[in-house]
Amino acid sequence: MNAYRGRFAPTPSGPLHFGSLIAALASFLDARHVDGRWGVRIEDIDPPRCPPGAADTILRQLEAFGLHWDGPVTRQHDRDAAYAAALARLEALGLAYPCSCSRRQWRAYPIYPGWCRGGVSEPGQPVAWRLRSDLGQRPVTWQDRLFGRQTFDPDALGDVVLKRKDGLWAYQLAVVVDDADQGITDVVRGADLLDNTPWQRQLQAALGLPTPRYLHLPLILGGDGQKLSKQNMAPALPEADAAVRPLLHRALDVLDQAPPAELAIAPVAEQLDWAIARWEPERLRAEFERALPDDAATP
């Protein structure tokens with residue numbers, strides 16, 4: 001088996017939409033083209049945002065599009081011990097600190113000003129835990145597979161939250177720990193997460209974890225110019241085969257893979273076999289955002 005290990009990691013806050021399909025399909029093809037493994041991780045560390053049944057819907061949608069994963073589906077909600085160990089390590093290194101400040105207190109600033117770096121500003125209040133972005137690896141530089149050389153100073157992005165005041169784990173720490181524990185070598189995801197990568201690479205360096213390769217995909221916008229998202233009421237992906245086939249073909253076209261027109265009516269397995277054999281991420285146009293016609297995201 002090839003050493004490549006990829007993953008699709010949706011938040012189960014609702015069903016997948018066309019933008020989700022682009023990310024899932026690209027990560028799937030990138031893995032399968034080199035005979036690598038592809039897993040699914042349900043990122044459910046925020047239970048209030050995850051309605052019952054949403055994760056099951058997502059898995060059914062992936063199966064309807066032929067995106068079958070390797071191994072068991074993993075879920076973040078039972079990973080508390082791993083995240084706690086990572087946070088304790090960061091605290092011991094002086095790279096994580098408790099913060100009692102509220103967003104209201106620093107709303108006049110573009111990023112959190114670091115008021116609690118030297119000690120909690122309001123003792124006795126609930127605290128979040130933040131990353132000392134000024135002390136870690138700076139600047140952070142990497143070669144994105146689509147957008148090329150990237151350089152960020154994480155301190156200019158602010159001290160990101162690692163654990164929230166309500167005790168829930170935050171995305172940045174959880175994704176780094178999980179990717180390392182699962183041996184992920186390649187991350188394929190939307191360009192809206194491009195500027196999250198500096199914090200994640202800081203955390204990887206601080207915790208002595210391997211760094212995956214990154215391929216950030218163009219962010220898909222609807223005909224109204226808004227990002228396709230659950231918050232913007234993007235239509236849910238269908239599960240019926242008659243609707244899935246043309247939508248899968250459309251996704252391959254949006255990924256610049258130039259599928260032949262006759263493939264649009266072919267069974268899902270046939271479309272995927274064609275796409276796996278011919279997958280070329282180099283075909284992707286390096287656009288941070290890509291607008292679709294009004295009807296392009298409608299199943």
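Computed quantities for the displayed model
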| read-out | value |
| --- | --- |
| Residue-span extension gain [ARG49 to ARG149] - 0.36 nm each, minus C-alpha spacing | 32.6 nm |
| 222 nm mean residue ellipticity, helices alone, for the chain (DSSP H n ≥ 4; -39,500 (n - 2.57); rounded to 500) | -9000 deg cm²/dmol |
| Projected-area mean, the range 134-256, by convex hull of Cα positions, square nanometres | 10.2 |
| Virtual spin-label span in nm between ALA84 and ALA291, 7 Å along Cα→Cβ | 5.0 |
| For the chain, accessible area per residue (1.4 Å probe, heavy atoms of protein chains only), Å² | 45 |
| Sum of side-chain charges, TRP38 neighbourhood, beta-carbon under 14 Å (Lys, Arg +1; Asp, Glu -1) | 0 |
| Gaussian network model of the chain, Cα within-10 Å springs - most flexible of ARG250, ARG149, ARG189 | ARG149 |
| Charge dipole (the chain, unit charges on Cβ, about Cα centre) - positive-most of ILE276, VAL160, ALA3 | VAL160 |
| Solvent-accessible area, 1.4 Å probe, carbon plus sulfur percent, for the chain | 52 |
| Local net charge near PRO113, Cβ-Cβ under 15 Å (Lys/Arg +1, Asp/Glu -1) | +2 |
| Isolated Cys residues of the chain, judged by Cβ distance under 4.7 Å to other cysteines | CYS50, CYS101 |
| CYS99, CYS50, reordered so the largest accessible area comes first (probe 1.4 Å) | CYS50, CYS99 |
| Segment ALA92-GLU122, length gained on full extension (0.36 nm per residue, minus Cα span) | 8.6 nm |
| Net charge of neighbours whose Cβ lies under 12 Å from the Cβ of PRO126, counting Lys and Arg as +1 and Asp and Glu as -1 | +1 |
| Extension gain from ARG104 to ALA242, taking 0.36 nm per residue of separation minus the Cα-Cα distance | 44.7 nm |
| DSSP beta bridges in the chain [antiparallel fraction, %, rounded to 5] | 50 |
| Per-pair calculated FRET efficiency, R0 = 25 Å: ARG213 and ASP273 via Cβ, rounded to 0.05 | 0.50 |
| The chain: most fluctuating residue of PRO281, PRO238, PRO72 per GNM, C-alpha cutoff 10 Å | PRO72 |
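The values are calculated or read from the model by the stated rules, or taken from the named source; none is laboratory data. What you see is a predicted model; the values in this text were computed from it and never measured. Cβ: placed from backbone, ideal geometry, glycine included. Neighbour counts: every protein chain shown. Surface accessibility is based on the protein's heavy atoms, side chains included, excluding ligands, DNA and RNA. Shrake-Rupley method; radii C 1.70, N 1.55, O 1.52, S 1.80 Å.
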